[in-house]
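Engineer: This is the structure I have questions about; it appears just below.
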Amino acid sequence: MANIFNGYGSRIIIVLYALMGILSCSKYEEQKPNIIFINVDDLGWKDVGYMGSNYYETPNIDRLSAEGMVFTQGYAGASNCAPSRACLMSGQNTPRHGVYTVSPSARGKSQTRKLIPTPNTDTLADSIVTMAEMLKMAGYTTGTFGKWHLSDNPLNDGFDVNVGGNHRGNPGRNGYEAPYNKLPNLELAPEGENLTDRLTTEAIKFIEANKANPFFLYLPYYAVHSPLMGKKELIKKYKKKGGNNGQDNPVFAAMVENVDANIGRLLKVLDDLNLSENTLLVFTSDNGGIRATSNQAPLRAGKGSYYEGGTRVPYIVRWPAIIKGGTKNETPIVNMDFFPTFMEMAQVSLPEKVLDGASILPLLKGASIKERPLFWHFPIYLQAYDPNEDDGRDPLFRTRPGSTIVFNNWKLHHYFEDDAIELYNLETDLGERHNLAESNPQKAKELFEMLNNWRRKIKAPIPKELNPDYDPNFKKN
């Protein structure tokens, strides 16, 4: 019995505190907003029309940008899928939940890794209260439709409904056409059905079934993750259209447009059911795009890197009842901010819960929040996709173990293998091409001290043990 309590005790205590907090509220919102969180997989910062792409056609996402608030400096909590989703769902940074990557942490050839990386976990601990569990405390019905990637079954993590979500990080060998490969509640599907279409259909059913009460709809599409598979008529369209400057893959473009079309389906249902006004809808991506598939210039690198191309992502928040449409906000935000934001909206009290984000509800209402640094910690290795395309720090890895900090338009990288420091002024050098660490040592010292203090406070592990297999002269075959 003691072992069982150790696994769930903290969660039970938090739930009790939350229920006490809800019952004691003297002024509780009569009509809580519905919440929809759309989390596209591997969609890059510039893979949508409102961000300036002339190749991808995204009229429905562009509509959201015109009707909501666009965050121009919006970040994922990590540069690849599992840790980013863990940050979102827990409201906590990677050192707290230990999900740093898709297992294992020792990626790439052993001879090229100077350090023994920090061990990785690929599952959120039972003791961590998730966003879905928190919203259930406030009376929300919760559903997830698509890629979960944080445990075997999201029904054990606060969701009432699960379609398509387990530990899988991609749609499997059949890709985006039915029959789907062991995705839950999608076993019965007409052959050739499109997965993105089906997930949207199931999400719409969820909205219709719960229209009378507040709901939390998490819509983490598997698209536009590989394998790249688009509808034939759309591929043909983009082949004819043609692209440029690294945005010219017709199959990927077809996938982007199909995601957009399905978001249009969702918006129509909200309008038809008169739910749009009091539905807070977030549109974003779990991490940066894959550079070889779709160039994100001027951002450097892409998915898996801790340059801006790996962590900066598109962000729109639409809530017509509160947000003035067509507004742009330059405040840096990160996906960990949505846990405390939703918690404040729902008036849930979790005194035992440690959160690493900040509520952005004041921003949504047109006010400001206190300026704060944002941190990323990645004490492991992630091998390169394509040395000729990744545009990372070296040709072998998208990233080597290190940490980064962004504060007041300055960004500092600290790499553990060689104790190297990189400093960039993002206001004048968004592409992170000109390292100012030597020419501006005072700023480098200031940010490094902030980063180091944060790592000590959060007890972030820093790998120091040397790898006996390391060979500095080893060349990749």
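The values are calculated or read from the model by the stated rules, or taken from the named source; none is laboratory data. If you're wondering where the values come from, they're calculated on a predicted model, not measured in any experiment. Here Cβ is always computed from backbone atoms with ideal geometry, including for glycine, and neighbour counts include all displayed protein chains. Calculation scope for accessible area: heavy atoms of the full protein, side chains included, ligands and nucleic acids excluded. Shrake-Rupley method; radii C 1.70, N 1.55, O 1.52, S 1.80 Å.
Engineer: Go through the residues of segment 348-367 one by one and say whether even a single one is among the polar types (S, T, N, Q), loosely packed, with under 15 Cβ neighbours inside 10 Å and touching a residue at least 24 places away in the same chain (Cβ under 8 Å).
Structural biologist: No, because not a single residue in segment 348-367 is among the polar types (S, T, N, Q), loosely packed, with under 15 Cβ neighbours inside 10 Å and touching a residue at least 24 places away in the same chain (Cβ under 8 Å).
Engineer: Here is a further query. For segment 1-99, which fully contained helices (runs of 4 or more DSSP H) count at least 2 residues that are out of contact with any strand residue (DSSP E or B) (no Cβ under 8 Å at 6 or more places or on another chain) and modelled with pLDDT of 95 or more?
Structural biologist: Those helices (runs of 4 or more DSSP H) span 59-67, 81-90, 94-97.
Engineer: Just the residues that are open to solvent by 10 Å² or more (accessible area, probe 1.4 Å) and either modelled with pLDDT under 95 or more than 12 Å from E432 (Cβ to Cβ) (or both), please, taken from segment 298-317.
Structural biologist: Scanning segment 298-317 gives a single hit, K303.
Engineer: Name every residue in segment 84-97 that is of a type outside the set (S, T, N, Q) and either free of Cβ contacts under 8 Å to residues at least 24 places away in the same chain or touching a Leu at 6+ places or on another chain (Cβ under 8 Å) (or both), in order of residue number.
Structural biologist: The answer is R85, A86, M89, G91, H97.
Engineer: Across segment 404-419, what is the total count of residues that are of a type outside the set (D, E, K, R) and touching a residue at least 60 places away in the same chain (Cβ under 8 Å)?
Structural biologist: Going through segment 404-419 one residue at a time, the tally reaches 4.
Engineer: While we're here: Only one residue in I360, I458 is more than 29 Å from R107 (Cα to Cα) and touching an Asp or Glu at 6+ places or on another chain (Cβ under 9 Å), so which one is that?
Structural biologist: Unique residue meeting the criteria: I360.
Engineer: Only one of these is within 17 Å of the chain's Cα centre (by Cα), at pLDDT 95 or above and surrounded by fewer than 24 Cβ atoms within 10 Å (Cβ to Cβ): P320, P332. Name it.
Structural biologist: Within the list P320, P332, the selection yields P332.
Engineer: Further question: Can you tell me which of T341, T399, T404 is of a type in the set (S, T, Y), closer than 21 Å to C81 by Cβ and touching a Ser or Thr at 6+ places or on another chain (Cβ under 6 Å)?
Structural biologist: Testing whether each residue is of a type in the set (S, T, Y), closer than 21 Å to C81 by Cβ and touching a Ser or Thr at 6+ places or on another chain (Cβ under 6 Å) leaves just T399.
Engineer: Being open to solvent by 10 Å² or more (accessible area, probe 1.4 Å) and without any contact (Cβ under 8 Å) to a residue 24 or more places away in the chain: is that true of D126 here?
Structural biologist: Taking the combined requirement at face value, the residue does not satisfy it.
Engineer: Here are the criteria: (1) open to solvent by less than 20 Å² (accessible area, probe 1.4 Å); (2) in contact with a Ser or Thr (Cβ under 8 Å, 6 or more places away or on another chain); (3) farther than 25 Å from P83 by Cα; (4) not β-branched (V, I, T). Tell me which single one L186 does not satisfy.
Structural biologist: Checking L186 against (1) open to solvent by less than 20 Å² (accessible area, probe 1.4 Å); (2) in contact with a Ser or Thr (Cβ under 8 Å, 6 or more places away or on another chain); (3) farther than 25 Å from P83 by Cα; (4) not β-branched (V, I, T), the one that fails is (2).
Engineer: Right, another one. I need the full set of residues from segment 90-117 which are open to solvent by less than 40 Å² (accessible area, probe 1.4 Å) and within 24 Å of G158 (Cβ to Cβ), in order please.
Structural biologist: Correct list: S90, G91, Q92, N93, T94, P95, H97, G98, V99, Y100, T101.
Engineer: Continuing with the same structure: Test of understanding: among E191, E208, E202, which residue is in a helix (DSSP H, G or I) and out of contact with any helix residue (DSSP H, G or I) (no Cβ under 9 Å at 6 or more places or on another chain)?
Structural biologist: Only one candidate passes the filter, namely E202.
Engineer: Among the residues of segment 335-347, what is the count of those that are in contact with a Pro (Cβ under 8 Å, 6 or more places away or on another chain) and open to solvent by 50 Å² or more (accessible area, probe 1.4 Å)?
Structural biologist: Number of matching residues: 0.
Engineer: Specify which of the listed residues (Y180, Y221) is over 30 Å from M137 (Cα atoms), part of a loop (DSSP other than H, G, I, E, B) and hydroxyl-bearing (S, T, Y).
Structural biologist: When all the criteria are applied, what remains is Y180.
Engineer: Give the residue, chosen from G169, G165, that is in contact with a Cys (Cβ under 7 Å, 6 or more places away or on another chain), buried (at least 17 other Cβ atoms within 10 Å of the Cβ) and closer than 25 Å to C81 by Cα.
Structural biologist: Criteria check complete, one pass: G169.
Engineer: Going through segment 225-257 one residue at a time, which ones are among the β-branched types (V, I, T) and either touching a Gly at 6+ places or on another chain (Cβ under 8 Å) or open to solvent by 20 Å² or more (accessible area, probe 1.4 Å) (or both)?
Structural biologist: I235, V251
Engineer: Hey, among K464, K475, which residue is modelled with pLDDT under 95 and either open to solvent by 50 Å² or more (accessible area, probe 1.4 Å) or in contact with a Ser or Thr (Cβ under 9 Å, 6 or more places away or on another chain) (or both)?
Structural biologist: K475
Engineer: May I pose another question? Check off (1) more than 26 Å from N245 (Cα to Cα); (2) touching an Asp or Glu at 6+ places or on another chain (Cβ under 6 Å); (3) without any contact (Cβ under 8 Å) to a residue 60 or more places away in the chain for I116 and give me the number that stays unchecked.
Structural biologist: Evaluating I116 over (1) more than 26 Å from N245 (Cα to Cα); (2) touching an Asp or Glu at 6+ places or on another chain (Cβ under 6 Å); (3) without any contact (Cβ under 8 Å) to a residue 60 or more places away in the chain leaves (3) as the failure.
Engineer: For segment 309-331, what are the residues that are out of contact with any Pro (no Cβ under 9 Å at 6 or more places or on another chain) and in a loop (DSSP other than H, G, I, E, B)?
Structural biologist: Those that are out of contact with any Pro (no Cβ under 9 Å at 6 or more places or on another chain) and in a loop (DSSP other than H, G, I, E, B): V313, P314, P320, I323, K324, G325, G326, E330, T331.
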